[in-house]
Amino acid sequence: MALRIWASSTANALKLSCASKPHLSLSRCFSTVLDGLKYAESHEWVKHEGSVATIGITDHAQDHLGEVVFVELPEPGGSVSKGKGFGAVESVKATSDVNSPISGEIIEVNTKLSEAPGLINKSPYEDGWMIKVKPSSPTELESLMGSKEYTKFCEEEDASH
Amino acid sequence: MGILCCVCFLQEEEKETRTWNSSSGSKMLIPQTRNIGLPIMNLMRFKGLPILQQLHIEEQLLRTSSENWCIINDGTNDPTIVMGVSGKPAELLEIESVLRDQVPVIRRFTGGGTVIVDPGTIFVTYICNKEAIPDLQPYPRPIMSWSSSLYSKVFQGIGDFHLRENDYVFGNHKFGGNAQSITKTKWIHHTSFLWDFDVRNMAYLKLPKRAPAYRSARGHLDFICRLKDYMSRSTFIDKTVEAAGTQFLLRSFELETIENCSETEFRPSTRFLTNEELEAAAVAGQ
């Protein structure tokens, strides 16, 4: 499994991409980062549209975590705080905390994830969204990374390990 | 159950008294660190500690301590079923037999599968800060790979040891199961080793739906093996401590007293499932 991480970091450093080949031990070499979203160092993304912010985990995160088999989410009506955990995903043999990039009130939770947790792997930025939040401090978004900054962050993180 | 507050004393030769707690506000002495280039890891050893108590200690250390820890529990007194965080009793357990024989069932805070533990199980746990191990990415597979490299030292020249998917095996027989939890700043990797087991206890567990490919639909007794056929208990524990000592500066903690604290901020999620919950699960098929 260390080979996957090495291959990913090398390909990212060389700006290479390769088709995924499920019959080999190599994963996709190029994690997707979308423009227009904001990103946290703990690998969550935020899409801010009007008074609603949608939150999920990035393609980089789902690739490193492996097949997601269970998702723990909060109830609507609760609150989230910037940098604090609001839920968890289970993959392989691990539970991994998911942290909110911003503070606010939870207005909707993706209930499809209870029956189809793999949506986080297949569609991390769309069908795999986790919660929708009404931001309480919109200025918090300004401290998050943009797509280029986050891409560089992931490359440096993979290259340093 | 109240959260545990521990008063811990270092071994006599350390001649230093430390108090560890999470949030009750009692006195904590900051130890002097000896810088010899290795990160410090606190080593706690138990024998026969109830598994619920062990898991509560681990969960609290993961969530509230900023230090690195190794916990070794040599057997647990009462046979107990321990499910992972998302385990569904109806899928994993023969609930009728479990209720009939009043076997305790715990849902723990880490991921992974279901085990039945007893005095023949040896537990080894590592709780580390994300920066503790250079070049280690805090994700499930790198952590699993790191742990297997540590145990490769323990089992060097013994059996055909390796990490197979996420299990420790000799050949294609499993003797160690792993589970993890990863937070923003730390991770835990804990293992239950089948030094010995009671064949009758395996009857409480169903064949899991989610099983590693190498299991090849084998029943429990064809799939697992006993560590006692390869190594004594004391040798295994001594070699594990020795292997950990190649990467960490180990400091021993002796648990002196345990007090129940009625008011602390941290509440562990690990708990027993009630008979009512198991009965309801059986009815609902969950």
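The table that follows gives values for the structure above.
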quantity: Residue selected from the stretch B:70-112 under the condition within 11 Å of B:LEU205 (Cα to Cα) and within 20 Å of the chain's Cα centre (by Cα), by the criterion most open to solvent (accessible area, probe 1.4 Å); calculated: B:LEU92
quantity: Of all residues in the stretch B:124-151 being open to solvent by 10 Å² or more (accessible area, probe 1.4 Å) and among the small types (Gly, Ala, Ser), the one that is nearest to the chain's Cα centre (by Cα); calculated: B:SER148
quantity: Residues of the stretch B:237-286 classified as at pLDDT 90 or above, among the charged types (D, E, K, R) and part of a loop (DSSP other than H, G, I, E, B), total; calculated: 1
quantity: Enumerated strands (runs of 3 or more DSSP E) restricted to the stretch B:70-147, each holding at least 1 residues that are touching a strand residue (DSSP E or B) at 6+ places or on another chain (Cβ under 9 Å) and under 19 Å from B:ALA244 (Cβ atoms); calculated: B:121-129
quantity: Complete set of residues in the stretch B:197-207 that are open to solvent by 40 Å² or more (accessible area, probe 1.4 Å), touching a residue at least 60 places away in the same chain (Cβ under 8 Å) and outside any helix (DSSP H, G or I); calculated: B:ASP198, B:LYS206
quantity: Condition check for B:GLY171: open to solvent by 10 Å² or more (accessible area, probe 1.4 Å), at positive phi and in contact (Cβ under 8 Å) with a residue 60 or more places away in the chain; calculated: no
quantity: Test: residue in the stretch B:189-206 that is touching a Cys at 6+ places or on another chain (Cβ under 9 Å) and modelled with pLDDT of 90 or more; calculated: yes
quantity: Residue match in the stretch B:259-268 (condition: in contact with a Leu (Cβ under 7 Å, 6 or more places away or on another chain) and open to solvent by less than 80 Å² (accessible area, probe 1.4 Å)); calculated: no
quantity: Pairs, first more than 17 Å from B:MET44 (Cβ to Cβ) and touching a residue at least 60 places away in the same chain (Cβ under 8 Å) in the stretch B:66-81, second crowded, with 20+ Cβ neighbours inside 10 Å and of a type in the set (S, T, N, Q), C-beta under 8 Å, six or more apart; calculated: B:ILE81/B:THR114
quantity: Members of the stretch B:211-236 that are surrounded by 15 or more Cβ atoms within 10 Å (Cβ to Cβ) and at pLDDT 90 or above; calculated: B:PHE223, B:ILE224, B:CYS225, B:ARG226, B:LEU227, B:LYS228, B:TYR230, B:MET231, B:ARG233, B:PHE236
quantity: Matching entry among A:THR151, A:THR111, A:THR139 (being out of contact with any Phe, Trp or Tyr (no Cβ under 6 Å at 6 or more places or on another chain), at pLDDT below 95 and more than 14 Å from every other protein chain (Cβ to nearest Cβ)); calculated: A:THR139
quantity: Residues being small (Gly, Ala, Ser) and touching a Pro at 6+ places or on another chain (Cβ under 7 Å) - total across the stretch B:177-193; calculated: 0
quantity: Candidate set: the stretch B:152-171, residues that are assigned to a loop (DSSP other than H, G, I, E, B) and of a type outside the set (A, V, I, L, M, F, W, C); chosen: the one farthest from the chain's Cα centre (by Cα); calculated: B:GLY157
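The values are calculated or read from the model by the stated rules, or taken from the named source; none is laboratory data. Computed from a predicted structure; not experimentally measured. Cβ sites come from the backbone with ideal geometry, for glycine too, and all protein chains shown count toward neighbours. Side chains are part of the model used for accessible areas, which takes the heavy atoms of the whole protein and leaves out ligands, DNA and RNA. Shrake-Rupley method; radii C 1.70, N 1.55, O 1.52, S 1.80 Å.
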